[in-house]
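Participant: Starting off with a structure, shown below.
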Amino acid sequence: MELFDSLRFKIVRRGIKIVFPEATDARILGAAARLKAEELVDPILIGSEEEIRTAAHARGIKASGFTIIDPNKYEQWDEMVEAFVQRRNGKASKEQAEKILKDVNYFGTMLTYMGIADGMVSGAIHSTGDTVRPALQIIKTKPGVSRTSGAMIMVRGRDQEKYVFSDCAINVNPTAQELAEIAVDSAKTAELFDIEPKVALMSFSTKGSAKAAEVDKVVEATKIAKELAPQYMIDGELQFDASYVPAVAQLKAPDSKVAGQATVFVFPELQSGNIGYKIAQRFGNFEAIGPILQGLNKPVSDLSRGANEEDVYKLSIITAAQTLID
């Protein structure tokens, strides 16, 4: 896909270090080998060196080019424990930290937090909670962002159509402030994928056509988002047809610079976002790439446990590219 050609160009030979906590998994090893060979990512594999090399050998992969870190033999262990205790700010003792950091996801997240890695990819054999929880506790969100969110990149027809849908993964019922932050983060994600951000905050109402508390939330979120990021084209509240179809936009929102040409669709709550992207995927034959976690200080990506090697490869490229977002 041209989308990934563009991302490869952005990250190639930059020496971006991505940590993989599930390093004995065949899918992870295969993707890591390919990423290394193409000079897209410098993989850091977590676990027993002997077990990783054995697993790699079984796949016909030479592990000599990988950085392997065994938590049980890590030279900076004491430094990591101390950094974790400080970061948790009294919520974990030294003894608790030493136990928690034996978990590969916490260990990998700390490598990222400490700057030894630039980002992390996990979830091939762990749940979303096991992957995301350490990131929220340790890496945390960027200044001005109260919650992380999950965007889907929707692609159809060799990149002829590319859109961002969010939040499709994390926030069940965001407040107006949170929805505004999601809109701004989604605009930044769009730019990463070479999509000109024209952000529509979605509703069942267009410019006051319906009255309800749910509509008021979207109206308030639009106002906040415009104040947070005046450099972006942001509008709402808009129904989907008004945001997507030019003829409908002329009737329902003729003065809008977003209506009829939106590229970023921000749903008012998780239920509609999740349903919306899956309808586009199944009825519209869009490829859904993600979810891409937005708003963290450093990128952490969550794989599906049903992911294949190609999925790991692509999500690792996205994660590496996210390190370039300001």
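Participant: Taking the Cα centre of each part, how many Å lie between region 146-160 and region 34-81?
Facilitator: Taking the Cα centre of each part, region 146-160 and region 34-81 sit 30 Å apart.
Participant: Using θ = phi - 60° and the Karplus form 6.51 cos²θ - 1.76 cosθ + 1.60, what ³J(HN,Hα) does each residue of region 19-34 get, whole Hz, x for Gly and Pro?
Facilitator: So the J values, rounded to whole Hz, are 9, 10, x, 9, 6, 8, 6, 4, 5, 5, 4, x, 5, 4, 4, 5.
Participant: May I ask for the net charge around D78, where only other residues with Cβ less than 11 Å from the Cβ of D78 are counted and Lys, Arg are +1 while Asp, Glu are -1?
Facilitator: Local charge sum for D78: -3.
Participant: Angle check, please: helix 270-283 long axis (alpha carbons) against the longest principal axis of the chain (alpha carbons), in degrees 0 to 90, nearest 10.
Facilitator: Computed tilt is about 90 degrees.
Participant: OK, next. Given a 1.4 angstrom probe, I'd like the percentage of the accessible area of region 72-128 that is carbon and sulfur, rounded to a whole number.
Facilitator: Carbon and sulfur atoms account for 43 percent of the accessible area of region 72-128.
Participant: Compute the Cα gyration tensor for region 153-278, then decide on rounded, prolate or oblate, letting a ≥ b ≥ c be the square roots of its eigenvalues: rounded whenever a/c is under 1.5, prolate when a/b is larger than b/c in the other cases, and oblate in all that remain.
Facilitator: Values: a/c = 1.34, a/b = 1.13, b/c = 1.19.
Taking the square roots of the gyration eigenvalues as a ≥ b ≥ c, region 153-278 is rounded.
Participant: Let me ask something additional. Would you mind checking K142/K223; K211/K278; K278/K314; K99/K140; K140/K211; K188/K314 for any pair whose Cα atoms are more than 31 angstrom apart?
Facilitator: K140/K211
Participant: At 0.36 nm per residue, minus the direct Cα-Cα distance, what do L251 and E79 gain on full extension? Give it in nm, one decimal, please. All intermediate terms of the calculation are to be shown ahead of the outcome.
Facilitator: On the way: separation 172, 0.36 × 172 = 61.92 nm, distance 6.19 nm.
Full extension of this stretch gives 55.7 nm more.
Participant: Enumerate the calculated ³J(HN,Hα) couplings along region 285-295 in order (Karplus 6.51 cos²θ - 1.76 cosθ + 1.60, θ = phi - 60°), each rounded to whole Hz, writing x wherever the residue is Gly or Pro.
Facilitator: 6, 7, 8, 9, 10, x, x, 9, 6, 10, x
Participant: Show me the trypsin sites (Lys or Arg not before Pro) within region 99-170 that DSSP assigns to loop and that have at most 12 other Cβ atoms within 10 Å of their Cβ.
Facilitator: Those satisfying the criteria are K102, R158.
Participant: By how many degrees, 0 to 90 and rounded to 10, does the Cα axis of helix 176-192 deviate from the longest principal axis of the chain?
Facilitator: Tilt relative to the chain: about 70 degrees.
Participant: I've got another one for you. For region 102-207, state which chymotrypsin sites (Phe, Trp or Tyr not before Pro) are in a DSSP loop and have at most 16 other beta carbons lying within 10 Å of their beta carbon.
Facilitator: F204
Participant: Still on this model: Taking amide H positions as placed 1.01 Å from N in the peptide plane, with prolines and chain starts having none, which residues 5 or more places from V300, or on another chain, fall under 5 Å of its amide H?
Facilitator: Under 5 Å from the amide H of V300: M120.
Participant: Residue separation times 0.36 nm, minus the C-alpha to C-alpha distance between K223 and E98: what's the value?
Facilitator: 40.4 nm
Participant: What are the residues whose amide H is under 5 Å from the amide H of I44, where those residues sit 5 or more places off or on another chain and H is modelled from the backbone?
Facilitator: I18, V19, F20
Participant: Here's a follow-up. Which FRET efficiency value, to the nearest 0.05, is calculated for K142 and E50 with the Förster distance at 41 angstrom and r the Cβ-Cβ distance?
Facilitator: Once the sixth-power term is evaluated, E becomes 0.60.
Participant: Next question, about the same structure. Given the chain, what percent of its DSSP beta bridges are antiparallel, to the nearest 5?
Facilitator: 35
Participant: Non-local amide H neighbours of M233 (under 5 Å, H modeled in plane, Pro and chain starts lacking H): which ones?
Facilitator: Hits under the 5 Å cutoff: V199.
Participant: Taking a probe of 1.4 Å, how large is the accessible area per residue of the chain, in Å²?
Facilitator: On a per-residue basis, the chain sits at 45 Å².
The values are calculated or read from the model by the stated rules, or taken from the named source; none is laboratory data. No experiment lies behind these values; they were computed from the predicted model shown. Counting neighbours? That spans all protein chains shown, and the Cβs are built from the backbone with ideal geometry, glycine included. Note: accessible area is taken over every heavy atom of the protein model, side chains too, but ligands, DNA and RNA are not part of it. Shrake-Rupley method; radii C 1.70, N 1.55, O 1.52, S 1.80 Å.
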